[in-house]
Amino acid sequence: RRQRQMCIRDRCKMETASNIIISILSSIIGGLFTFGGVWLTIKHEQKKERRNYLESIKPYLVVQHLVDLSKSEIQNIKTLSIPNDSAAPLPSLTQTSVVYHWENLVLTNVSNSTGIFAYIKINSSPYAFPTKSPIKPFETFQIIGNLISIFIFSSIESISLGVYDSNFNLYEYPLRFRIEEYTGDPHPKLSCKEKVIKFDAIDCQTYVMKN
């Protein structure tokens with residue numbers, strides 16, 4: 001009988017110790033989950049704050065058309081030339097080659113943040129502007145050019161504009177464009193096909209590419 005009582009007493013002690021250990025482990029696990037939740041919340045808020053900050057300094061550009069601007073607006077337009085690719089060797093032109101005329105691209109900064117022109121990317125090839133020209137809020141720039149000197153491309157599938165914000169975070173804005181037959185006077189020294197690039201819009205919804 002005494003042995004039986006001792007076994008019952010030992011079992012009670014073991015159950016008490018197990019309950020204490022389970023309680024401690026539960027507290028630790030609960031604390032870890034709470035800490036993890038707080039950490040995730042902090043990280044989420046930090047990312048949200050960064051996104052909001054980047055959004056507040058992000059330059060937003062729109063494509064303008066000269067026919068829609070007033071005389072005074074046209075007089076205040078600043079100009080920027082497309083990057084010069086004259087250093088690249090030009091392949092021989094044939095009658096089946098295509099030379100693209102760059103219709104003047106007019107852009108207005110409609111945000112409260114200054115942007116800085118970085119490059120024009122045609123297909124997958126970027127061409128850096130020799131001068132990093134800033135475009136201030138509500139300024140209008142005209143990116144001009146005559147013949148686009150990229151005869152190495154048989155076709156133009158995409159054109160993007162690289163733009164920095166004031167903290168030199170880089171954005172790449174796709175340009176919406178169409179290729180049309182050139183109806184102007186043919187170039188006297190060209191016997192190949194001539195087409196013109198006409199710009200319709202710019203997509204500024206992209207996220208920061210590099211900072």
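Filtered by the rule that a residue be in a loop (DSSP other than H, G, I, E, B) and surrounded by 11 or more Cβ atoms within 10 Å (Cβ to Cβ), segment 56-74 gives LYS58, PRO59, TYR60, HIS65, LEU69. Exactly one residue out of PHE138, PHE117 is more than 19 Å from the chain's Cα centre (by Cα), aromatic (Phe, Trp, Tyr) and at pLDDT 85 or above, and it is PHE138.
Any chance segment 68-91 includes a residue that's within 17 Å of the chain's Cα centre (by Cα) and modelled with pLDDT of 75 or more?
Taking segment 68-91 as the starting set, the residues that turn out to be within 17 Å of the chain's Cα centre (by Cα) are none.
No: segment 68-91 contains no residue that is within 17 Å of the chain's Cα centre (by Cα) and modelled with pLDDT of 75 or more.
So for segment 149-159 (the condition being in a strand (DSSP E or B), modelled with pLDDT under 95 and surrounded by 18 or more Cβ atoms within 10 Å (Cβ to Cβ)), does at least one residue qualify? First the steps, then the outcome.
Step one: list which residues in segment 149-159 are in a strand (DSSP E or B), which gives 159.
With the extra rule that they be modelled with pLDDT under 95, the set shrinks to 159.
Now restrict to residues that are surrounded by 18 or more Cβ atoms within 10 Å (Cβ to Cβ): 159.
Yes: segment 149-159 contains one or more residues that are in a strand (DSSP E or B), modelled with pLDDT under 95 and surrounded by 18 or more Cβ atoms within 10 Å (Cβ to Cβ).
The values are calculated or read from the model by the stated rules, or taken from the named source; none is laboratory data. A quick note: this is a predicted structure, and the numbers were derived from the prediction, not measured. Methodologically, a virtual Cβ is constructed for each residue, glycine included, from the backbone with ideal geometry; neighbour enumeration extends over all protein chains shown.
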